[in-house]
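This report concerns only the one structure given below.
Bear in mind that the values in this text are calculations on the coordinates, not laboratory data. All values derive from a computational prediction rather than experimental measurement. Every residue, glycine as well, gets a Cβ built from its backbone with ideal geometry; the counts of neighbours run over all protein chains shown.
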Amino acid sequence: MAPDGKKIGGGYFMKLNPDNFFDRHFSGADILRDTRSVDGTDVVSSFFNDSLGGQGVAARGPPADIEAKVECTLEELYNGCFKQVEYQRDVVKFDAKTLNSQRCVQQIEIKPGFSAETVVTYKGQGNEQAGHPPADLKIGVTQLDHEDYRRVGADLILTKRISLTQAIEMNPISIVTLDGRKLTVTADEQISPQTCKLI
């Protein structure tokens with residue numbers, strides 16, 4: 001079936017009626033407003049083939065997850081807090097084929113008890129790639145050293161320097177906990193000069 005228009009030489013020229021032309025070939029679609037799928041399979045790509053990321057484009061592998069780290073003090077891991085993590089991700093542009101680098105900020109809740117082994121995953125917040133679902137954002141925890149406390153698994157170890165007189169007399173010792181409480185601790189056994197190590 002010949003297109004609308006009159007025959008000139010060996011071909012046809014379209015009549016000067018752009019509304020009719022777009023109605024026939026795009027079925028009334030709005031090419032500037034219609035949402036395009038990330039793999040380019042939309043009304044525009046079906047007309048322009050692979051120029052806008054259609055079926056003629058070679059498939060690419062899935063995007064890689066983004067791994068980030070957030071530094072936390074021992075107090076923050078003990079009490080919990082909120083942190084912000086900045087990262088860069090690849091985002092599919094409007095042409096459904098090319099990528100653009102985007103700066104993002106993700107707020108993460110540090111819950112009491114988090115450790116260096118904790119990884120928080122945000123589904124779909126990682127890199128994008130045409131034809132694939134978005135990758136994930138994975139945020140790990142880096143524990144900073146503390147001046148007095150040391151963490152061993154689920155235990156806290158406090159190193160407190162006292163005088164030899166305090167050790168022998170078993171005088172009470174005042175300490176400040178990670179949540180800000182002040183406690184007085186009494187030694188349960190006497191320490192002699194022979195058993196203590198002087199530094």
Which percent, nearest 5, of DSSP beta bridges in the stretch 66-143 are antiparallel?
70 percent
Applying a 10 Å radius around every beta-carbon, put 97-105, 77-85, 153-161 in order of their mean neighbour count, most first.
77-85, 97-105, 153-161
When only Cα pairs under 8 Å and 6 or more residues apart are kept, what is the percent relative contact order across the stretch 66-143?
39 percent
Calculated Rg and Dmax of the stretch 66-143 using C-alpha coordinates, Å:
14.6, 47
